[in-house]
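Q: One structure, pasted below without further comment.
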Amino acid sequence: MKYARVGATLATFAMVVAACGGSSSSPSAAASSGASAAASSGASAAASSGAGGATMDIKVGIEFPMSGGEAPNGVPSANGVALALDQIKVPGFNITINQQDDAVNGQHNPQQGAKNMQTLVNDPQVMFVVGPYNSNVAAAEIPVGNAAGLAQCSPANTNPGLTKTWPSYDYKALRATNPDKNNYFRTATTDDLQGAAGADIAVNLAKAKTAYVADDVEAYGKGIADVFATSFAKLGGNVVGRDSIPTSTTDFSSFVTKLKGLTPDYVYYGGVTTSGIGLFRNQMAQQGLQTIPMGGGDGIVDGAVSVKSSFLQIAGDGAANTYGTTAGPNDIAGDANPKPADLAAAYKAKFAGTSNPEVGAYTAASYACTQAFLQALKDVGASAGGDPAKLRAAILAYLEDTTHTYTSALGTFSFDAAGDTSQKIVSYWQYDPTAKAWKFLSQRDFVKNPF
């Protein structure tokens, strides 16, 4: 993977890609229950004296769903932040974590996300936020962060409307307080590409000519399903049925009966595991329909069968013949720092014995978000003179500057003026019944190989 320009990298940081036992300055983002690192949020705002001169105490906010059925998504993402803070040190700064959980009754909640973002912007030590996981939570949080000038980077939000013209959201309205300022960035690519990748899988891997398409009514699910349907038709496929299924649904028998009568070659679902897709697939299996291939986006690629509340665990025998996508690279560029194997080894060492001992779909992307922040802190931290407000503004201005590039766990990337990553890569996955986990198939770079 080549880029036109390589800017300042994180190679000068002290990278400790070995067994990490934790650090008082960057506590773990999750225990086995996904509990928050709340103790770190009470640190004094004053700069303290340390070896080599004055040290400024600052925080990174983490905002993910950390409990209930969303934990398989949120916890490994949050852990990526904690790991990066353990491994990368910026002289002159002591960095701790202000952890927030946007899950309510086990599901991500936009209203809770907005409250959490208000908590983070009200903490003067918070210089940067990593998260959230879900796009509708981001839509509730962006206005809060924009008003406060607090930079935020999501490793997993994929709805295009958060940054560009799209039916789901008015991205300009989300930044109404400071329309000329962009506080929101992401290291994941968007669903206009991920939905197309899902159609590519259906036609070119599963050899489907007809498809039944469903979504969970939410912005992410409906949006990616719409793109799949349009792209499937563009590739010569025929959508024979389309339903929107409320997230409160637990009995999918009427929908299963309907698709059984339609005899599609493929089923595509736009949504997340907590919307019920695992049960849907399980109930398909109960009617002998697990032989029909099924696909979904990153909302279902949330861990192996062994991971509690994951799609694969809930789907049971129905997990057979299931495909998924994630909105970023799995075959990481050669210039990645740290290398994937080193990142995985360090993660396992740090989080062994927890409910998420393996890296998740967006652990590396969370790590990359944190690297971008730490590069900004390294380059502009001294210019703030110890003033938290000035430091927030300087970090945001640095990230807004599109000339900067970041060497990260995902390889080298940059943010465009909208805050989107220059990496337009979608990874393809399939359930492996022998390993009882997702198996990586391939990835498509939509810059080099447009749809």
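The values are calculated or read from the model by the stated rules, or taken from the named source; none is laboratory data. Since this is a predicted model, take the numbers as computed values, not measurements. Neighbour counts are summed over all protein chains in view; Cβ atoms, including those assigned to glycine, are modelled from backbone coordinates with ideal geometry. Just the protein is used for accessible areas: all its heavy atoms, side chains included, with ligands, DNA and RNA removed. Shrake-Rupley method; radii C 1.70, N 1.55, O 1.52, S 1.80 Å.
Q: For the chain, what is the convex hull volume of its Cα atoms per residue in Å³?
A: 123
Q: Moving to a separate point now. I'd like to check one number: the per residue accessible area of the chain, probe 1.4 Å, reported in Å² as a whole number.
A: Value returned for the chain: 36 Å² of accessible area per residue.
Q: Additional query: With the full set of protein chains in place, find how many percent of the accessible area of segment 319-451 is carbon and sulfur; take the probe as 1.4 Å.
A: For segment 319-451, the apolar C and S fraction of the accessible surface comes to 54 percent.
Q: Oh, and also: Please work out how much length the chain gains when fully extended from THR247 to ALA349, using 0.36 nm per residue of separation minus the C-alpha to C-alpha distance, in nm with one decimal.
A: Gain on extension, THR247 to ALA349, equals 33.1 nm.
Q: Sorted by mean Cβ packing within 10 Å, highest first, what order do the peptides 174-180, 292-298 take? Before the final figure, lay out the partial values.
A: On the way: 174-180: 13.9, 292-298: 26.3.
Descending mean neighbour count gives 292-298, 174-180.
Q: Once the Cα gyration tensor of segment 332-378 is diagonalised, what are the square roots of 5 times its eigenvalues, in whole Å and ordered largest first, as equivalent ellipsoid semi-axes?
A: Sorted largest first and rounded, they come to 21, 13, 9 Å.
Q: Let me ask you something else. Just subtract the alpha-carbon distance of VAL447 and LEU262 from 0.36 nm times their residue separation and send over the number in nm, one decimal.
A: 63.0 nm
Q: Under 23 Å between C-alpha atoms is the cut-off here; go through segment 88-193 and count lysine pairs that meet it, provided they're at least eight residues apart or on different chains.
A: 5
Q: If we sort 221-232, 304-315, 335-346 on the protection proxy, mean other Cβ atoms within 10 Å, highest first, what's the order?
A: 221-232, 304-315, 335-346
Q: Shifting gears a bit: Where does the charge balance sit around ALA417 when Lys and Arg score +1, Asp and Glu -1, over other residues with C-beta under 12 Å from its C-beta?
A: On the way: positive: LYS164, LYS181; negative: ASP180, GLU400, ASP401, ASP416, ASP420.
After counting each charged neighbour, the total is -3.
Q: Considering the Cα trace of segment 256-304, what is its radius of gyration and what is Dmax, both in angstroms?
A: 10.7, 32
Q: Hey, if we sort TRP438, TRP166 by accessible area with the 1.4 Å probe, largest down, what's the order?
A: TRP166, TRP438
Q: Order 152-161, 352-361, 99-108, 85-94 from most to least packed using the mean count of other Cβ atoms within 10 Å.
A: Values: 152-161: 28.2, 352-361: 18.7, 99-108: 21.7, 85-94: 20.2.
In decreasing order of mean packing, 152-161, 352-361, 99-108, 85-94 become 152-161, 99-108, 85-94, 352-361.
Q: Give the cross-link partners of LYS207 among the lysines, using a straight C-alpha distance below 30 Å as the criterion and excluding same-chain residues fewer than 8 apart.
A: Cα-Cα hits under 30 Å: LYS222, LYS234, LYS258, LYS260, LYS424, LYS436, LYS439, LYS448.
Q: Pairwise over distinct Cα atoms, reciprocal of the mean inverse distance: report the Kirkwood radius of segment 227-342 in Å, one decimal place.
A: 15.4
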